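A short worksheet on the structure shown next.
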Amino acid sequence: MKFFIDTANIEKIKEAAALGILDGVTTNPSLIAKEVTDVETEFEAHLKEICRIVDGPISAEVTAIEHQGMVVEAKQLSQIHPNIVVKLPTTRDGLKACVELARGGIQINMTLVFSAAQALLVAKAGAAYASPFIGRLDDISHVGMELVQDILQIYENYDYPTQVLVASVRHPVHVVEAALAGADVVTIPPAVIDKLFKHPLTDIGLERFLADWEKSRKRG
Ligand code: E4P
């Protein structure tokens, strides 16, 4: 399973890249807006900086909501760097834009997927990635991970090459469940990456090993 980081924060991306297990990055308009003062003038330079740090798929989202505007913006984004994957919302216009752009060789990540029906449409539209938002489904008392399982089953039934990118991850259990389900990618916020390392027994075990080692040094 590939690990993407779900942030536009340069320091956090550098930290995760330094671990050596990072495969890509996902951003969205909210994440970009948190990191730059003026999206109009700084978005492109910010994306270029991310592409310099991580050599893998970097998702950048359009903000147009009608088909033609999405196509224009998507083409501009894809010119920024060969690793840019254009994110489009899963709407009627987004789907039409996906068909057109995917045929033209642009990698598309269809975002805001909340149902298996939407996931089926985006696979037929030629999306490289489908992003089910599991945390937001959990927030409204649906089991987000059941959607991931359904999508994986549908894609397997028809050999769709679209990769399932588990998004809106809130905690380490989401990451483990995504792996158990067989998701292709999980995009993880920095705070959740930190939590993946944590186990109290690891800390206690290490403390004991070092204490025993120290005792023996004093004896000698
Ligand atoms: C995915 O690509 C999105 O950026 C992200 O996972 C959204 O997550 P949220 O529900 O925590 O905003």
*lysines within cross-link reach of Lys195: Cα-Cα under 20 Å, excluding same-chain residues under 8 positions apart?*
Lys2, Lys12, Lys14
*For the range 2-219, what's the relative contact order in percent, using C-alpha pairs closer than 8 Å and at least 6 residues apart?*
16
*1.4 Å probe accessible area per residue over the range 30-143, in Å²*: 50
*asked:* Over all directions, the average projected area of the alpha-carbon convex hull for the range 2-219 comes to how many nm²?
replied: 14.5
*Helix axis angle, 10-19 relative to the chain longest principal axis, alpha carbon, degrees*: 60
*Heavy atoms only, probe 1.4 Å: what % of the accessible area of the range 57-155 goes to carbon and sulfur, would you let me know?*
54
*In square angstrom, what is the accessible area per residue of the range 173-220 with a 1.4 angstrom probe?*
75
*Chain lengthening between His81 and Val143 when straightened (0.36 nm per residue, less Cα-Cα)*: 18.7 nm
*At what distance in nm do the modelled label points of Leu201 and Gln68 sit from each other, each positioned 7 Å from its Cα along Cα→Cβ?*
6.2
*Grab the Cα-Cα distance for Val176 and Tyr158, subtract it from 0.36 nm times how many residues apart they are, and report the gain in nm with one decimal.*
3.9 nm
*If the cut-off is a Cα-Cα distance under 26 Å, which lysines reach Lys96, setting aside same-chain residues fewer than 8 apart in sequence?*
Lys75, Lys87, Lys124
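The values are calculated or read from the model by the stated rules, or taken from the named source; none is laboratory data. Quantities reported herein were computed from a predicted structural model and do not represent experimental measurements. Here Cβ is always computed from backbone atoms with ideal geometry, including for glycine, and neighbour counts include all displayed protein chains. Keep in mind that these areas ignore ligands, DNA and RNA; they rest on the heavy atoms of the full protein, side chains included. Shrake-Rupley method; radii C 1.70, N 1.55, O 1.52, S 1.80 Å.
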